[in-house]
Amino acid sequence: MQKLIIKEINNYDYTLTDEKGNIYNLNIEFYSKYKPQVNDIIYVDDNIINEVNLYAFDEVYDTKNIDIKDFIKVVNNDKEYYFQRMYG
């Protein structure tokens, strides 16, 4: 999992940077009450960063039989939010 900072949000397009200054652009739709915000820290699996795709994530409902690569962790100030990838 890579630690990235959200620098810009335009609809579902997220511009993220890592500690080395690399820039990543991901298209992610969040189906949850909390929507990540600029300057939030987001932990994302390398496979998601390197694959061009449209992603959908929802709040974590079931942690059984879920691969860690299908999770995103978002940190906003002192609060942590966990999301799982939705397929289909």
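Nothing in this text is a laboratory measurement; each read-out follows from the coordinates by a stated rule. A quick note: this is a predicted structure, and the numbers were derived from the prediction, not measured. In this analysis, Cβ positions are derived from the backbone assuming ideal geometry, glycine residues included, and neighbour counts consider all displayed protein chains.
So here's what we get for this one:
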quantity	calculated
Restricting the stretch 1-12 to residues that are in a strand (DSSP E or B) and within 11 Å of the chain's Cα centre (by Cα), the residue that is farthest from Asn76 (Cα to Cα)	Gln2
Test set (1) touching a helix residue (DSSP H, G or I) at 6+ places or on another chain (Cβ under 9 Å); (2) farther than 19 Å from Tyr81 by Cα; (3) of a type in the set (A, V, I, L, M, F, W, C) - Ile23 fails condition number	(1)
Of all residues in the stretch 13-61 being assigned to a strand (DSSP E or B) and of a type in the set (Val, Ile, Thr), the one that is farthest from the chain's Cα centre (by Cα)	Ile23
Some residue of the stretch 12-23 being acidic (Asp, Glu) and loosely packed, with under 11 Cβ neighbours inside 10 Å	yes
Any pair with Cβ under 7 angstrom, 6 or more apart, that starts in the stretch 74-88 at a residue that is without any contact (Cβ under 8 Å) to a residue 60 or more places away in the chain and polar (S, T, N, Q) and ends at one that is in a strand (DSSP E or B) and exposed (fewer than 15 other Cβ atoms within 10 Å of the Cβ)	Gln84/Asp58
Of all residues in the stretch 26-55 being in contact with a strand residue (DSSP E or B) (Cβ under 6 Å, 6 or more places away or on another chain) and buried (at least 17 other Cβ atoms within 10 Å of the Cβ), the one that is farthest from Tyr87 (Cα to Cα)	Asp40
